[in-house]
Amino acid sequence: MADVVSIPIVKKKLAGYVGFHNLPNQVHRKSVKKGFQFTLMVVGESGLGKSTLVNTLFNTSLYPNKENKEPTHESPKTVEIQTISADIEENGVKLKLTVIDTPGFGDFVNNEESWRPILENIEARYDAYLEQENRVNRKRIVDTRVHACLYFIAPTGHSLKPLDIEFMKQLAGRVNLIPVIAKSDTLTEDEIKAFKARILEDIAYNKIQIYQPPMYDNDDPETVQENKDIISRIPFAIVGSDKEVDVGGKKVRGRKYPWGVIEVDNEDHCDFVKLRQMLVRTHMEELKEYTNEVLYESYRISKLARGGYEVSSDGSALNPLSKFEEEKLAHEQKMAKMEAEMKAVFQQKVAEKEAKLKQSEEELYARHREMKEQLEKQRLELEEKKRRLESGRPGTPEKGKKNKGLFK
Ligand code: GTP
């Protein structure tokens, strides 16, 4: 590889107005025109409030008629993958939202492999993207990759279950994992605090990588504080409700209990606001970027390495050329073998034809000889007849005998 020549960068002051400060606006206009797209996966045992939370997050009935549904105890046969897509718009900004639900997860007697179809689905989406990237025409790449996965932890108040740990371990390097404590209104404040601490301990002990908003050096203090606040709430203790209840004459989204109301949009009541802030308001693009630049990239490198491509030691530079050379050599060898085989077949066919021709030539020659012999025999017979006839001419026959031989 050619050496990278480092060019010294000199800071310059402008003598007057140029106008490139407008670049962010250009990007903004273009993005708004193009629209945005986001794919969210929700995983958790049935009845933990996944669909209610999605409806609450996007303030729309993405899953219709689910809010009043009682928790179901029916177990499907396998973990299914269901996709719901919706085009939503807010102040002229369009978002194509895709939600991937995984009904059946954790609902079996044996849930050991429950994570597998989900991981396979995530990887199949990376494969589809990779396949599009490798096409000659890459103009219309459709991105169906999962940008975030909300993992619903049952509000047991104890610690993570083996299924939770296994799922998160298996999926961690492949998707932005965001653990949430489902239906946290069923736990007291102290229970939530202790439960969160145990979950984080389990996550650290099992070296599970969950998504955390990144901190950048040039972040302003306000952003740094915002991110710190979000991180301090992980795993988010959430409450979902797309029904409005009355609080002092004011309609709010929440859940009503004999002792009071849990307000979904009240930061003192649950972590819903912080989750929505991270997922929708401040880090949606970050999640997409991390998916593309880190998670997908690592999948792509391991996939190509498995396929025989060379991967450099830092994992960044791929060398598909060596694989191409290998394939070219194999192809050439195959062609040479085919050519040799065709030559051998041709030569065999020529030899067979020659033998056949020789045989028919010999047969012709034999027939010719036979005919010649027959003709010679006939000629001799005729000669003999002629001689006999001539010897029996009138005047020449013996006296007193009639010449009968002439009219035989
Ligand atoms: P499946 O579709 O079966 O996988 O269920 P799900 O996880 O999508 O749960 P769903 O949103 O359908 O909610 C199941 C039940 O729990 C419904 O009766 C909801 O009203 C209720 N529910 C949803 N979210 C909450 C919550 O935060 N707290 C409480 N207490 N109940 C909730």
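The values are calculated or read from the model by the stated rules, or taken from the named source; none is laboratory data. For clarity, every value in this text was computed on a predicted model and none was experimentally measured. Positions of Cβ are generated from backbone atoms using ideal geometry, with glycine treated the same way; all protein chains shown enter the neighbour counts. Surface accessibility is based on the protein's heavy atoms, side chains included, excluding ligands, DNA and RNA. Shrake-Rupley method; radii C 1.70, N 1.55, O 1.52, S 1.80 Å.
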| field | Among (1) more than 10 Å from the ligand (Cβ to nearest atom); (2) at pLDDT below 85, the one test that E90 misses | value | (2)
| If you check every pair at least six apart or on different chains, which have Cβ atoms under 7 Å apart with a residue in the range 222-242 that is closer than 15 Å to E267 by Cβ and within 16 Å of the ligand (Cβ to nearest atom) first and a residue that is of a type in the set (V, I, T) and in a helix (DSSP H, G or I) second? | A237/I192
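This table checks each residue for (1) in contact with an Asp or Glu (Cβ under 8 Å, 6 or more places away or on another chain); (2) under 17 Å from I210 (Cβ atoms); (3) not polar (S, T, N, Q).
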| residue | (1), (2), (3) |
| --- | --- |
| E123 | no, no, yes |
| I141 | yes, no, yes |
| Y151 | yes, yes, yes |
| M168 | no, yes, yes |
| A172 | no, yes, yes |
| T188 | no, no, no |
| field | Condition check for I262: touching a residue at least 40 places away in the same chain (Cβ under 8 Å) and away from the ligand (no atom under 16 Å from the Cβ) | value | no
| message | Let me confirm something: among S298, S302, which residue is in a helix (DSSP H, G or I), open to solvent by 50 Å² or more (accessible area, probe 1.4 Å) and either of a type in the set (A, V, I, L, M, F, W, C) or modelled with pLDDT of 85 or more (or both)? | response | S298
| Which of the residues that make up the range 243-256 are more than 9 Å from the ligand (Cβ to nearest atom) and touching a helix residue (DSSP H, G or I) at 6+ places or on another chain (Cβ under 8 Å)? | R253
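Residues are listed down the side, and each one gets a yes or a no for (1) part of a loop (DSSP other than H, G, I, E, B); (2) at pLDDT below 90; (3) of a type in the set (F, W, Y):
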position: K343; (1), (2), (3): no, no, no
position: E352; (1), (2), (3): no, no, no
position: L357; (1), (2), (3): no, no, no
position: E363; (1), (2), (3): no, no, no
position: E370; (1), (2), (3): no, no, no
position: K377; (1), (2), (3): no, no, no
position: L380; (1), (2), (3): no, no, no
position: E390; (1), (2), (3): no, yes, no
position: E398; (1), (2), (3): yes, yes, no
